[in-house]
Structure formats: C-alpha cells, structure tokens
1. To the nearest 500 deg cm²/dmol, what mean residue ellipticity at 222 nm is calculated for the chain from DSSP H runs of n ≥ 4 alone, each contributing -39,500 (n - 2.57), summed and divided by the residues?
2. Which semi-axes, in whole Å and largest first, does the equivalent ellipsoid of the chain have when worked out from the alpha carbon gyration tensor as the square roots of 5 times its eigenvalues?
3. Length gain on complete extension for the stretch Ser74 to Thr89, per 0.36 nm per residue less the alpha carbon to alpha carbon distance?
4. Among Ser47, His26, Phe70, pick out the residue whose Cα is farthest towards the positive end of the charge dipole of the chain, where Lys and Arg carry +1 and Asp and Glu carry -1 on C-beta, about the Cα centre.
5. So how strong a dipole does the range 6-99 carry about its Cα centre when Lys and Arg Cβ are +1 and Asp and Glu Cβ are -1, to the nearest 20 debye?
6. Would you mind ranking Trp80, Trp98 by Cβ crowding within 10 Å, fewest neighbours first?
7. Give me the extension gain from Thr46 to Asp12: residue separation times 0.36 nm, minus the current Cα-Cα distance, reported in nm with one decimal.
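Computed from the coordinates by the stated procedures, all read-outs in this text should not be read as laboratory data. The shown structure was predicted, so the numbers you read here are calculated from the model rather than taken from an experiment. All Cβ positions, even for glycine, are placed from backbone atoms using ideal geometry, and neighbour counts span all protein chains on display.
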Amino acid sequence: MSDSHFVLLEADTMLERLAGVYDTDHLRTNFYPEFTKHAGTQATPTSVVRMIELALGNFLRGQTPGEKLFWHQSSFVNGWIVALVPDETLAAETKKLWAETP
C-alpha cells in the first residue's frame with residue numbers, strides 16, 4: 001500500500017459527488033457533513049477509511065446490529081470512496097483497505 005497523499009475536494013463539489021451516490025435530506029444533513037468538514041485537506045487511503053468508519057459510527061449510533069452491518073457492507077461505501085478519492089488507483093487502494101476493515 002502506497003498511502004499516497006491527495007487533497008480532498010472542496011465542500012460543494014464533495015457534497016454533490018457523495019449525493020450522486022445516494023441522496024436523501026437525512027444523509028445531506030446528518031452524514032455527509034462528516035466528510036465535507038475535511039474539504040480541501042490532505043488525505044490518504046487510510047485516512048479516508050478512518051473517516052468513513054467514524055462517520056458511519058456517528059451516523060449509526062443507536063441503530064441495530066443488522067442496520068450497522070447493512071451500511072458497512074453496502075455498495076454505497078465503494079461509491080462514496082470514488083466520490084471522495086479523485087485518483088482511480090488510490091480509490092482502488094482505499095476500497096481494498098475498506099474491504100479488509102472488520
């Protein structure tokens with residue numbers, strides 16, 4: 001794993017790309033801000049995986065184990081990775097790291 005650095009997109013662009021994967025008012029209000037607050041900052045595949053873990057953890061607080069499992073295994077996560085990681089190779093690396101995350 002290279003863990004190469006890249007710059008996350010600006011907030012508006014990031015929000016539109018995330019919403020392009022799955023768009024609800026609830027996600028725009030309660031989930032996507034967990035990502036957009038990092039807009040324009042340096043990231044790595046590992047830091048994006050951690051960002052997703054934390055965002056899902058906060059978003060799913062109080063949910064049933066089945067709901068948590070659904071979101072962790074959801075194909076939406078791979079879409080969000082593509083939305084967040086601008087480089088195809090780094091996005092693939094991030095997806096691999098996510099798949100290895102328990």
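1. So the calculated ellipticity at 222 nm is -19000 deg cm²/dmol.
2. Values: eigenvalues 82, 56, 25 Å².
Equivalent ellipsoid semi-axes, largest first: 20, 17, 11 Å.
3. Full extension from Ser74 to Thr89 adds 3.3 nm.
4. Going by the Cα projections, it comes out as Phe70.
5. It comes to approximately 320 debye.
6. Trp98, Trp80
7. Numbers: separation 34, 0.36 × 34 = 12.24 nm, distance 2.30 nm.
Stretched fully, the Thr46-Asp12 segment lengthens by 9.9 nm.
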